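The values are calculated or read from the model by the stated rules, or taken from the named source; none is laboratory data. Remember, predicted model here, so these are calculated numbers, not experimental data. We place every Cβ from the backbone using ideal geometry, glycine too, and count neighbours over all the protein chains shown.
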Amino acid sequence: MKQVDITEAVLRKFPEWIVFVIAADAEGQANLMPAGWVSFCSGNPPMVSVAIHPHRHTHRLIEASGEFVIAWAGVGQQDLVKQTGSTSGRDGDKFEQFGLRKLPAAVVKAPLLDGCAMAFECKVAGQMVTGDHTVFAGRIVAAHVSDPEVDKIVNFGKERYVAAQIKG
Ligand SMILES: Cc1cc2nc3c(=O)[nH]c(=O)nc-3n(C[C@H](O)[C@H](O)[C@H](O)COP(=O)(O)O)c2cc1C
(Lines give C-alpha, C1' and ligand atoms only; values in the text may rest on other atoms or scores of the structure.)
Protein backbone atom coordinates (compact mmCIF):
# COMPACT_ATOMS: atom_id res chain seq x y z
CA MET A 1 0.00 0.00 0.00
CA LYS A 2 1.06 3.59 -0.51
CA GLN A 3 -0.51 6.63 1.13
CA VAL A 4 -2.22 8.91 -1.37
CA ASP A 5 -4.48 11.93 -1.46
CA ILE A 6 -7.96 11.00 -0.12
CA THR A 7 -9.68 12.14 -3.34
CA GLU A 8 -7.50 9.81 -5.40
CA ALA A 9 -8.39 6.81 -3.23
CA VAL A 10 -12.11 7.65 -3.21
CA LEU A 11 -12.12 7.39 -7.03
CA ARG A 12 -11.43 3.67 -6.57
CA LYS A 13 -14.75 3.12 -4.77
CA PHE A 14 -16.49 1.95 -7.97
CA PRO A 15 -18.46 -0.05 -8.94
CA GLU A 16 -21.56 1.16 -7.14
CA TRP A 17 -25.26 0.53 -7.64
CA ILE A 18 -27.39 3.22 -9.19
CA VAL A 19 -30.80 3.88 -7.71
CA PHE A 20 -33.50 6.39 -8.51
CA VAL A 21 -34.74 8.29 -5.49
CA ILE A 22 -38.37 9.19 -6.11
CA ALA A 23 -40.29 11.63 -3.91
CA ALA A 24 -43.46 13.69 -4.19
CA ASP A 25 -44.92 16.87 -2.76
CA ALA A 26 -48.23 17.17 -0.89
CA GLU A 27 -50.15 17.47 -4.17
CA GLY A 28 -48.57 14.25 -5.46
CA GLN A 29 -46.24 16.03 -7.92
CA ALA A 30 -43.40 13.51 -8.23
CA ASN A 31 -39.71 13.87 -9.01
CA LEU A 32 -36.78 11.49 -9.39
CA MET A 33 -32.98 11.66 -9.32
CA PRO A 34 -30.26 9.01 -9.61
CA ALA A 35 -28.13 8.34 -6.54
CA GLY A 36 -25.12 6.19 -5.85
CA TRP A 37 -24.66 6.84 -2.16
CA VAL A 38 -27.18 4.30 -0.97
CA SER A 39 -26.89 1.51 1.58
CA PHE A 40 -28.96 -0.90 3.59
CA CYS A 41 -28.53 0.11 7.22
CA SER A 42 -30.79 -2.22 9.25
CA GLY A 43 -32.06 -5.76 8.80
CA ASN A 44 -34.75 -5.73 11.48
CA PRO A 45 -36.60 -3.53 10.84
CA PRO A 46 -35.47 -3.42 7.22
CA MET A 47 -34.04 0.02 6.46
CA VAL A 48 -32.14 1.68 3.64
CA SER A 49 -30.26 4.99 3.69
CA VAL A 50 -29.35 7.48 1.00
CA ALA A 51 -27.17 10.60 1.06
CA ILE A 52 -28.73 13.60 -0.67
CA HIS A 53 -27.18 17.02 -1.18
CA PRO A 54 -29.36 19.81 0.26
CA HIS A 55 -29.41 21.62 -3.11
CA ARG A 56 -31.36 18.77 -4.74
CA HIS A 57 -35.07 19.28 -5.30
CA THR A 58 -35.42 15.70 -4.03
CA HIS A 59 -34.00 16.80 -0.65
CA ARG A 60 -36.77 19.36 -0.25
CA LEU A 61 -39.45 16.81 -1.20
CA ILE A 62 -38.18 14.16 1.24
CA GLU A 63 -37.92 16.64 4.11
CA ALA A 64 -41.46 17.89 3.45
CA SER A 65 -43.13 14.51 2.90
CA GLY A 66 -41.08 12.22 5.16
CA GLU A 67 -41.27 9.57 2.45
CA PHE A 68 -39.31 8.33 -0.55
CA VAL A 69 -38.93 5.42 -2.94
CA ILE A 70 -35.55 3.84 -3.72
CA ALA A 71 -35.68 2.05 -7.07
CA TRP A 72 -32.67 0.16 -8.52
CA ALA A 73 -32.08 1.28 -12.12
CA GLY A 74 -32.70 -1.51 -14.62
CA VAL A 75 -30.92 -2.38 -17.86
CA GLY A 76 -31.98 0.08 -20.54
CA GLN A 77 -32.17 3.01 -18.14
CA GLN A 78 -28.56 4.14 -18.66
CA ASP A 79 -29.56 7.24 -20.64
CA LEU A 80 -32.24 8.03 -18.11
CA VAL A 81 -29.61 8.07 -15.36
CA LYS A 82 -27.73 10.77 -17.28
CA GLN A 83 -30.88 12.72 -18.13
CA THR A 84 -32.39 12.75 -14.65
CA GLY A 85 -28.98 13.33 -13.07
CA SER A 86 -28.33 16.49 -15.04
CA THR A 87 -31.74 18.15 -14.65
CA SER A 88 -33.70 19.29 -11.62
CA GLY A 89 -37.32 18.82 -10.72
CA ARG A 90 -37.26 22.48 -9.72
CA ASP A 91 -37.27 23.31 -13.45
CA GLY A 92 -39.99 20.93 -14.63
CA ASP A 93 -41.61 17.52 -14.40
CA LYS A 94 -38.95 14.90 -15.31
CA PHE A 95 -41.55 12.14 -15.60
CA GLU A 96 -43.25 14.17 -18.33
CA GLN A 97 -40.05 15.47 -19.91
CA PHE A 98 -38.55 11.98 -20.36
CA GLY A 99 -41.81 10.12 -21.06
CA LEU A 100 -41.63 7.95 -17.95
CA ARG A 101 -44.31 5.52 -16.85
CA LYS A 102 -45.28 5.77 -13.19
CA LEU A 103 -46.57 2.73 -11.33
CA PRO A 104 -48.62 3.08 -8.16
CA ALA A 105 -46.90 2.57 -4.81
CA ALA A 106 -48.71 0.64 -2.09
CA VAL A 107 -48.11 2.92 0.90
CA VAL A 108 -46.31 6.15 0.04
CA LYS A 109 -47.48 9.02 -2.15
CA ALA A 110 -44.48 8.91 -4.52
CA PRO A 111 -44.86 6.51 -7.48
CA LEU A 112 -42.65 3.64 -8.61
CA LEU A 113 -40.88 3.80 -11.98
CA ASP A 114 -41.51 1.21 -14.70
CA GLY A 115 -38.34 -0.56 -15.87
CA CYS A 116 -36.56 -0.61 -12.52
CA ALA A 117 -35.17 -3.87 -11.12
CA MET A 118 -36.66 -3.47 -7.64
CA ALA A 119 -38.09 -0.74 -5.49
CA PHE A 120 -38.55 -0.06 -1.79
CA GLU A 121 -41.10 2.34 -0.37
CA CYS A 122 -39.64 4.10 2.66
CA LYS A 123 -40.75 6.31 5.55
CA VAL A 124 -38.01 8.52 6.96
CA ALA A 125 -36.98 7.15 10.36
CA GLY A 126 -34.12 9.56 10.92
CA GLN A 127 -31.81 11.97 9.17
CA MET A 128 -28.32 13.22 9.80
CA VAL A 129 -26.28 15.99 8.21
CA THR A 130 -23.00 14.40 7.10
CA GLY A 131 -20.71 17.17 5.87
CA ASP A 132 -22.21 18.44 2.63
CA HIS A 133 -25.00 15.81 2.36
CA THR A 134 -27.94 14.64 4.45
CA VAL A 135 -28.29 10.93 5.07
CA PHE A 136 -31.96 9.94 5.17
CA ALA A 137 -32.56 6.56 6.79
CA GLY A 138 -35.82 5.09 5.61
CA ARG A 139 -37.82 2.29 7.12
CA ILE A 140 -38.94 0.01 4.29
CA VAL A 141 -42.73 -0.25 4.33
CA ALA A 142 -43.28 -2.03 1.01
CA ALA A 143 -41.10 -3.77 -1.60
CA HIS A 144 -41.51 -4.53 -5.30
CA VAL A 145 -39.47 -6.53 -7.85
CA SER A 146 -39.57 -6.52 -11.65
CA ASP A 147 -41.63 -9.26 -13.22
CA PRO A 148 -40.12 -10.59 -15.44
CA GLU A 149 -36.86 -9.92 -13.65
CA VAL A 150 -34.53 -7.30 -15.19
CA ASP A 151 -30.81 -6.90 -14.53
CA LYS A 152 -29.59 -3.92 -12.55
CA ILE A 153 -26.98 -1.50 -13.81
CA VAL A 154 -23.84 -0.49 -11.97
CA ASN A 155 -21.73 2.62 -12.20
CA PHE A 156 -18.05 2.03 -12.97
CA GLY A 157 -17.30 5.77 -12.83
CA LYS A 158 -16.78 8.28 -15.65
CA GLU A 159 -20.41 7.72 -16.78
CA ARG A 160 -19.78 4.01 -17.52
CA TYR A 161 -23.13 2.47 -16.60
CA VAL A 162 -22.93 -1.28 -17.19
CA ALA A 163 -25.43 -4.14 -16.96
CA ALA A 164 -24.80 -6.40 -13.99
CA GLN A 165 -25.81 -9.83 -15.25
CA ILE A 166 -26.74 -11.41 -11.98
CA LYS A 167 -29.95 -13.20 -12.80
CA GLY A 168 -29.68 -16.86 -13.62
C1 LIG B 1 -24.77 8.19 -11.33
C2 LIG B 1 -25.17 9.37 -10.48
C3 LIG B 1 -25.16 9.24 -9.10
C4 LIG B 1 -25.53 10.32 -8.26
N5 LIG B 1 -25.53 10.15 -6.90
C6 LIG B 1 -25.97 11.15 -6.10
C7 LIG B 1 -26.08 10.94 -4.69
O8 LIG B 1 -25.82 9.85 -4.16
N9 LIG B 1 -26.52 12.00 -3.93
C10 LIG B 1 -26.85 13.21 -4.46
O11 LIG B 1 -27.24 14.13 -3.72
N12 LIG B 1 -26.76 13.43 -5.81
C13 LIG B 1 -26.35 12.43 -6.63
N14 LIG B 1 -26.32 12.62 -7.99
C15 LIG B 1 -26.68 13.93 -8.54
C16 LIG B 1 -28.23 14.12 -8.69
O17 LIG B 1 -28.83 12.99 -9.27
C18 LIG B 1 -28.48 15.37 -9.59
O19 LIG B 1 -27.94 16.51 -8.99
C20 LIG B 1 -29.95 15.57 -9.93
O21 LIG B 1 -30.01 16.44 -11.06
C22 LIG B 1 -30.77 16.16 -8.81
O23 LIG B 1 -32.11 16.27 -9.22
P24 LIG B 1 -33.26 17.05 -8.42
O25 LIG B 1 -32.79 18.48 -8.24
O26 LIG B 1 -34.46 16.94 -9.32
O27 LIG B 1 -33.43 16.36 -7.11
C28 LIG B 1 -25.93 11.56 -8.84
C29 LIG B 1 -25.94 11.69 -10.25
C30 LIG B 1 -25.56 10.61 -11.05
C31 LIG B 1 -25.61 10.78 -12.55
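Observations on the model:
- Criterion (over 26 Å from PRO46 (Cβ atoms), surrounded by 12 or more Cβ atoms within 10 Å (Cβ to Cβ) and either more than 13 Å from the ligand (Cβ to nearest atom) or touching a residue at least 24 places away in the same chain (Cβ under 8 Å) (or both)) met by exactly one of LYS82, LYS123: LYS82
- Among the residues of the stretch 54-79, the ones that are away from the ligand (no atom under 12 Å from the Cβ) and either outside any helix (DSSP H, G or I) or touching a Lys or Arg at 6+ places or on another chain (Cβ under 7 Å) (or both) come to 9 in all.
- Among (1) in contact with a strand residue (DSSP E or B) (Cβ under 8 Å, 6 or more places away or on another chain); (2) modelled with pLDDT under 95; (3) over 24 Å from ILE52 (Cα atoms) - the single one SER146 does not satisfy: (2)
- Selection within the stretch 87-127 - closer than 22 Å to SER49 by Cα and among the basic types (Lys, Arg): LYS109, LYS123
- Each residue in the stretch 50-86 was checked for being small (Gly, Ala, Ser) and farther than 16 Å from ALA119 by Cβ, and 6 of them qualify.
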